[in-house]
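The structure appears below as structure tokens.
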Amino acid sequence: MTKLTRRAIVLSAAAAGAAYGLDGRLAFMPSALAQGVAGASPMNPKGLQFHTFKVGDIDVTTVFDGAIYRDHSAGFIKNASIEEQKASLRAAGLPDDRIPNTYTITIVRTGGKTIMFDAGNEAGRDPNTAKLRENMLAAGIEPAKLDAIVVTHFHPDHIFGLMTGQNEQVYANTQIIVPESEYAYWSDPGVIASLPQARQGIAKRVQATMPSWKNLARHDGKGDVIAGIRAVATPGHTPGHTSYLMGSGAAQLMVLGDVTSIPAMNLKNPGWHVMFDQDAQVAEATRRRVFDQAVTDKTIMTGYHWGMPGAGTIQKDGAGYALVPVA
């Protein structure tokens, strides 16, 4: 897969201005056109169903798939106390009684194609999630007319939206593109016994569904997965976790997936090891590498668990990083 290097993401000083809309390459749509309104929550204070903006000629829509809240536990961050976790939430202006976990899907219109990254939660499992379809429609995006769905990794909140509760395909007529290394890992029958009990169900469901899908394509990360969309290896969260980079002129957009969770946690504290990272040391190294480059290049990024609008640039903040949301 493509490694994140200076050649992989290049933004000049002029492009930095573009990233902030100073030369017109990055334009933000007026709020009346750029967002639908649902119910407000701490990680979605405006109650957005969706948010739209442009990166060069790329139309970007971030779509809210809902949120759940987790009780505090010592194991959620393996190397930070509950009080430290609560303090990080308070410092970000969030309630500290529970940990918010939000889901935001990125959809781009580029090269005449509409591409969605990941597919959200399975409908019917939790009334607070699987809002993707209704919010896509509110944004004027017809799910059946997507040209492709590109997957970052195989955790349930990213791929179970591809399936019904009966394991039927939701997007049977849409090309689904997945990382070969991620597919190989979860589809190996031998992996089940090696996984913790809580993750065995992922492998079992992947093996029960994806091998029979005729619309599934696998990419090896060597070059574009779709014209103009390049795979960037970002392992650690899962073995084949992949982010995606695209550009228009000097402006660049990167869809991160789960390189980091909510900004208050392991963006502000990149050394914190969230329980969902399969290899915490590799995930931390990936996180620091990606965000150090993002600070330099002022790349616009979207994060799956960043709430809404779910996109922005990254700045250094002490020993960690801070998200500057798009307008």
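Counting just the residues of the stretch 51-76 that are charged (D, E, K, R) and part of a strand (DSSP E or B), which one comes out surrounded by the fewest Cβ atoms within 10 Å (Cβ to Cβ)?
Here the answer is Arg70.
If you take the residues of the stretch 231-246 that are part of a strand (DSSP E or B) and touching a Gly at 6+ places or on another chain (Cβ under 7 Å), which of them is farthest from Ser261 (Cα to Cα)? So that I can check it myself, show each step before the final result.
Step one: list which residues in the stretch 231-246 are part of a strand (DSSP E or B), which gives 231-233, 242-246.
With touching a Gly at 6+ places or on another chain (Cβ under 7 Å) added as a condition, the list becomes 231, 233, 242-243, 246.
On the way: Ala231: 20, Ala233: 17, Thr242: 15, Ser243: 14, Met246: 22 Å.
So the residue we want is Met246.
Taking the residues in the stretch 315-327 that are more than 15 Å from the chain's Cα centre (by Cα) and under 21 Å from Leu48 (Cβ atoms) as candidates, determine which candidate is surrounded by the most Cβ atoms within 10 Å (Cβ to Cβ). Before you say what the answer is, go through the steps one by one.
Going residue by residue through the stretch 315-327, those that are more than 15 Å from the chain's Cα centre (by Cα) are 315-322, 324, 326-327.
Then keep just the ones that are under 21 Å from Leu48 (Cβ atoms); that gives 322, 324, 326-327.
Working: Ala322: 17, Val324: 11, Val326: 25, Ala327: 15.
The selected residue is Val326.
Give the residue that is surrounded by the fewest Cβ atoms within 10 Å (Cβ to Cβ), with candidates limited to residues of the stretch 82-99 that are in a helix (DSSP H, G or I) and in contact (Cβ under 8 Å) with a residue 60 or more places away in the chain.
The extreme case among them is Ala91.
To keep it simple, each residue is scored yes or no on (1) in contact with a Pro (Cβ under 9 Å, 6 or more places away or on another chain); (2) surrounded by fewer than 23 Cβ atoms within 10 Å (Cβ to Cβ); (3) among the aromatic types (Phe, Trp, Tyr); (4) part of a helix (DSSP H, G or I).
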site: Gln278; (1), (2), (3), (4): yes, yes, no, no
site: Thr286; (1), (2), (3), (4): yes, no, no, yes
site: Arg289; (1), (2), (3), (4): no, yes, no, yes
site: Tyr304; (1), (2), (3), (4): no, no, yes, no
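Bear in mind these aren't lab numbers, they're just calculated from the coordinates by the rules spelled out. Here the structure is a predicted model, which is why all the values come from computation and not from measurement. All Cβ positions, glycine included, derive from the backbone under ideal geometry; neighbour counts span all protein chains shown.
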